[in-house]
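I have placed the structure first, in the form of structure tokens, so that the comments after it can refer back to it.
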Amino acid sequence: MSAAVPHPDAPEIAYRDGELSVEDVALSRIAAAVGTPFYCYSSGAIERQYRRFAAAFAGRAPRLCYSVKANSNLSVIATLARLGSGADVVSEGEFRRALAAGIPGQRIVFSGIGKTEAELAFALEHDAYQINVESRGELEALSAIAQRAGRVAPVAIRVNPDVDARTHHKIATGKKENKFGIDLAHAPDVFVEAAALPGIALKGMAVHIGSQLTALGPFEIAFLRVIELWRALNNRGIKLPRIDFGGGIGIRYRDETPPSIEEYAAVVGHMTQGLDVELAFEPGRYIVGNAGVLVTRVLYVKEGVTRRFVIVDAAMNDLLRPALYDAWHEIGPVKPPVGRGPALAQSVVGPVCETGDAFALDRLLPPFRPGDLTAILSAGAYGAVMSSSYNTRPPTAEVLVRGGDFAVIRERPSYDALLARDRMAPWLAGR
Ligand code: LLP
């Protein structure tokens, strides 16, 4: 049995009757019905994380906008929509997903540094709650678009507080050399400009310094700087009704010790005490990260000269995080083997033709055999959404469990569907 299961943030994913199950459904049952690999999420775990986040801020009535980039499956968003969640989106595609899943525009924050004119117009047309602007150019474009549409754009300006988030460098966003937000030094002028621009209603200030933060310190420094700026603007007569604190709260994948949501809420609560300001948050990973697993089957076991390779049918195209960020995901057997002896150092790798296509190297795991099902844990966030069809592998199916029920919430596309997206150039056709 894996020490990592059950995870404290996802007790719904646990061994029951000797088998890894999600809520009341054994993963082997889903594998038999759906084939492997597949992602499987627990509705209960997603709901509990959302409720826990909301409860931590009870009394402040924060606007929680689930960051759909973490997992944008319509059923996942709809699960949260039913609890009253808003959405944080970064493209028209995500905006459309949030709307389709039942989140009205008035609960959608539109973030991102490179929104096109068409995307900004779409957000206005659908009454976005807030558009987080990240540059002067975008501000001016939005002002023009809003005037043409006869609308007023609700704007927050994202500031870059120049804080080291102490996370993986590829997902740190709050240093001045990062492309995100407007530097603190330039921000006051941009707020002043925005306050005077036609078609713009200045609603707030936004900040997000990175993802998978496992310490409170960087949040505290960033939030202090933002609140200082908020006060300075207030003194100049620019009163911002809300502050959007972004997302970024880390989760435990291995042995990280992220702050609890209650500790995080206490810090934000303390810092904003007495400020007449509405709080908004954009959590992604915290809500869904531990609520999902990627289930894969062992194809072959190969004894190399220095390594025992366990070759599974999932690959980096299904879950990119280990290849891209050297991310650690716990791996456990779906049915812990009996009578096969002690754990062995094994390297769990996928079929893709790249050395980086590995989920674990030299990790002590129960001795796997061909045909075994294994689960890659904490794969609910930035898993399926980052999948691709590299090596023309059909992207993974997704399954949602609720109690004793499960449903395929994204089909694995057929090979015909994959190939049908290509077109033969006319000069090559018919030969
Ligand atoms: N708000 C903004 C403006 C963001 O850029 C992000 C994430 C979030 C909210 C949500 O952050 P979260 O609460 O999930 O940390 N693919 C990477 C993570 C990229 C995060 C991008 N921005 C990974 O797999 O670790």
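Tabulated results
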| read-out | value |
| --- | --- |
| Residue list for the range 206-232, filter: part of a helix (DSSP H, G or I) and crowded, with 17+ Cβ neighbours inside 10 Å | Pro218, Phe219, Ile221, Ala222, Phe223, Arg225, Val226, Ile227, Leu229, Trp230 |
| Residue, nearest to Leu361 (Cα to Cα), within the range 290-313, restricted to residues that are surrounded by 21 or more Cβ atoms within 10 Å (Cβ to Cβ) and more than 16 Å from the ligand (Cβ to nearest atom) | Val310 |
| Ala14 in contact (Cβ under 8 Å) with a residue 24 or more places away in the chain and within 24 Å of Trp328 (Cα to Cα) | no |
| Subset of the range 100-112 [buried (at least 19 other Cβ atoms within 10 Å of the Cβ), touching a helix residue (DSSP H, G or I) at 6+ places or on another chain (Cβ under 9 Å) and hydrophobic (A, V, I, L, M, F, W, C)] | Ala101, Ile103, Ile108, Phe110 |
| Criterion violated by Arg136 - all others in (1) at negative phi; (2) within 16 Å of the ligand (Cβ to nearest atom) satisfied | (2) |
| One residue from Asp362, Asp372 being in contact with a strand residue (DSSP E or B) (Cβ under 7 Å, 6 or more places away or on another chain) and at positive phi | Asp362 |
| Scope the range 1-27; condition outside any loop (DSSP other than H, G, I, E, B), of a type outside the set (Asp, Glu) and surrounded by 15 or more Cβ atoms within 10 Å (Cβ to Cβ); matching residues | His7, Ala10, Ile13, Ala14, Tyr15, Leu20, Ser21, Val22, Val25, Ala26, Leu27 |
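Yes/no per residue for (1) within 16 Å of the ligand (Cβ to nearest atom); (2) without any contact (Cβ under 8 Å) to a residue 60 or more places away in the chain; (3) over 17 Å from Val298 (Cβ atoms); (4) not assigned by TED's automatic domain parsing to the domain that holds Val25:
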residue	(1), (2), (3), (4)
Leu324	yes, no, yes, no
Ala327	yes, no, yes, no
Lys335	no, no, no, no
Ala345	no, yes, no, no
Phe368	no, no, no, no
Asp372	no, no, no, no
Ile376	yes, no, no, no
Gly380	yes, no, yes, no
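For (1) small (Gly, Ala, Ser); (2) part of a helix (DSSP H, G or I); (3) more than 13 Å from the ligand (Cβ to nearest atom); (4) touching a strand residue (DSSP E or B) at 6+ places or on another chain (Cβ under 6 Å), each residue gets a yes or a no:
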{"residue": "Val163", "(1), (2), (3), (4)": "no, no, yes, no"}
{"residue": "Ala194", "(1), (2), (3), (4)": "yes, yes, yes, yes"}
{"residue": "Asn234", "(1), (2), (3), (4)": "no, yes, yes, no"}
{"residue": "Ile243", "(1), (2), (3), (4)": "no, no, yes, yes"}
{"residue": "Arg252", "(1), (2), (3), (4)": "no, no, yes, no"}
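The values are calculated or read from the model by the stated rules, or taken from the named source; none is laboratory data. Quick caveat: nothing in here was measured; it's all calculated off a predicted structure. Cβ sites come from the backbone with ideal geometry, for glycine too, and all protein chains shown count toward neighbours.
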